[in-house]
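Q: First the structure, which I've put down as structure tokens, then a few questions once you've had a look.
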Amino acid sequence: MRVHLFKYKKSQKIIVKDNSYDLKRISLLYGVYGLRSLECVRLKDTQIESAKKTIKKVIKKLGILWVIIEANCPITKKPQQVRMGKGKGAYSHSVGVVKKGTILFEIGGVKLTKKLAFLALKLAAGKLPIKTEICVFKN
């Protein structure tokens, strides 16, 4: 009689490697100006939302904003000074995984000027905890 034993791995948290590049979201798809990341990091949903609000406040109704990155990975956390065991912790926040070269935000529009677009993206980059660059669509 033959018995097959299988080992199953538990699912692990998402680990962001420092040398990984994003090969899917590297070019502008919707807008003329974009904000590209230069580091690998996990962005919280509050950080993404604050950058989005900053861009909206600057461009107002002169342009359109596309948010490419989304926080779709939930993170759980146990309270402090709780003993080991007793199951998984409660939901804490959501994160979005960002790799090098990923386009985070895109803006465009007929009435949107280059100066206003650069100002909006520069202020949004200040809200994010990573190094970013502003990229422009070229024909």
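The values are calculated or read from the model by the stated rules, or taken from the named source; none is laboratory data. A quick note: this is a predicted structure, and the numbers were derived from the prediction, not measured. Because the Cβ atoms are built from the backbone with ideal geometry, glycine has one as well, and the counts that use them run over all protein chains shown. Protein only, heavy atoms only, side chains kept; ligands, DNA and RNA dropped before computing areas. Shrake-Rupley method; radii C 1.70, N 1.55, O 1.52, S 1.80 Å.
Q: Please go through segment 32-42 and give me each residue that is of a type in the set (A, V, I, L, M, F, W, C) and buried (at least 22 other Cβ atoms within 10 Å of the Cβ), ordered by number.
A: The one that is of a type in the set (A, V, I, L, M, F, W, C) and buried (at least 22 other Cβ atoms within 10 Å of the Cβ): L35.
Q: Given the conditions (1) without any contact (Cβ under 8 Å) to a residue 24 or more places away in the chain; (2) open to solvent by 70 Å² or more (accessible area, probe 1.4 Å); (3) within 20 Å of the chain's Cα centre (by Cα), which single one is not true for R83?
A: Every listed condition holds for R83 apart from (3).
Q: Suppose we keep only residues that are surrounded by fewer than 19 Cβ atoms within 10 Å (Cβ to Cβ) and within 23 Å of P74 (Cβ to Cβ) within segment 91-123. Which one would you say is nearest to the chain's Cα centre (by Cα)?
A: Ranking the candidates gives V97 first.
Q: Specify which of the listed residues (L65, L35, L123) is in a helix (DSSP H, G or I), of a type in the set (A, V, I, L, M), modelled with pLDDT of 95 or more and in contact with a helix residue (DSSP H, G or I) (Cβ under 6 Å, 6 or more places away or on another chain).
A: Every option except L123 fails the conditions.
Q: Could you check how many residues of segment 18-31 are touching a strand residue (DSSP E or B) at 6+ places or on another chain (Cβ under 6 Å) and either open to solvent by 90 Å² or more (accessible area, probe 1.4 Å) or of a type in the set (A, V, I, L, M, F, W, C) (or both)?
A: Number satisfying all stated conditions: 3.
Q: Among (1) without any contact (Cβ under 8 Å) to a residue 12 or more places away in the chain; (2) assigned to a strand (DSSP E or B), where does R42 come up short?
A: Status for R42: all satisfied but (1).
Q: Checking the structure you have, find out if any residue of segment 63-79 is open to solvent by less than 70 Å² (accessible area, probe 1.4 Å) and among the hydroxyl-bearing types (S, T, Y).
A: Yes, segment 63-79 contains a residue that is open to solvent by less than 70 Å² (accessible area, probe 1.4 Å) and among the hydroxyl-bearing types (S, T, Y).
Q: Now, a different point. Of all residues in segment 97-139, which are of a type in the set (K, R) and touching a residue at least 12 places away in the same chain (Cβ under 8 Å)?
A: Listed by number, the residues that qualify are K99, K100, K111, K114, K122, K127, K131.
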